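A short write-up of the structure that comes next.
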Amino acid sequence: MGIDWIRNYVKTLTSTLHQDMDAAQRGVWNDFLLLAGDQDPKHGRFKIGKTADGEIDFEGLARLLNIHADLNTAIDILLKTFEKNKNAKRIKVVPTSDGFWVIIRNWHKYQDFTRKGVDIPKQEKGHMVDIHFQHKKRRDKKRLKEETRVSSQDLELASLLSEKIKENSPKATAKDLPIEAWADDIRLMREQDGRTPEDIRKVILWSQADSFWRGNILSGANLRKHFIQLWGKMNAGGGKEKTPAELEEEDERALKDPGR
């Protein structure tokens, strides 16, 4: 990938075909080539989203490319680069149901590893490789963050767990209740364990109403670890599934009359 980046970068800087772009636009063009190489190297294309009114989501693309400028400036550079290359017939835009394919025309010419007449000094080559890996590291980090992003529902359930623990333990501090970390535990419960948000909600309410489990389920990780056991205890006895309020009422009756 490092060699690919150097090849594309040098071609962009030296080719007379790209003299209509300034330095910032050439950098973005090179990012387009990298993005196409990452997403669909066979066909030389990349996918971008669309806005609510069906237009190209340049704001989302600017964030994806992580352009080193404020958002408005980055969008302006993207727009100019996009239109310039579209008018020059270097790219083709094909709408889809959920966004747009941006196709690099003549993709094959960017796949030639040799370019006669271009001599890259060793020092400059090393510098460009460093830049490439910095760029790739940022993209990988952003991609990982997006892949592990929790949903608003995960945060809501984590907040519910935090709220109930706080009710049971008023001295608990914000440090004891890391909602974002717990939201990720709940995300894993949904995505990896197959729990539904409604079932997670029921178990949270029940566990925090139960005289024994409220002292043991004090984190998202513990909730996930003991979920099956909690579900079984919650519905012990079979028959109709009991609500947390009904189970709590049973616990209170048992405490008042231990001999029952």
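What follows draws every value from the coordinates through simple rules; no lab data is involved. As the structure is a computational prediction, the values presented were derived from the model and not from experiment. FYI the Cβ positions are ideal-geometry reconstructions off the backbone, even for glycines, and counts take in every protein chain you see.
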With 0.36 nm assigned to each residue of separation and the Cα-Cα distance removed, HIS226 to GLU59 gains 55.9 nm
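Around ARG224, what is the net charge, scoring Lys/Arg as +1 and Asp/Glu as -1 over all other residues with Cβ under 9 Å from its Cβ?
For residues surrounding ARG224, the net value is 0.
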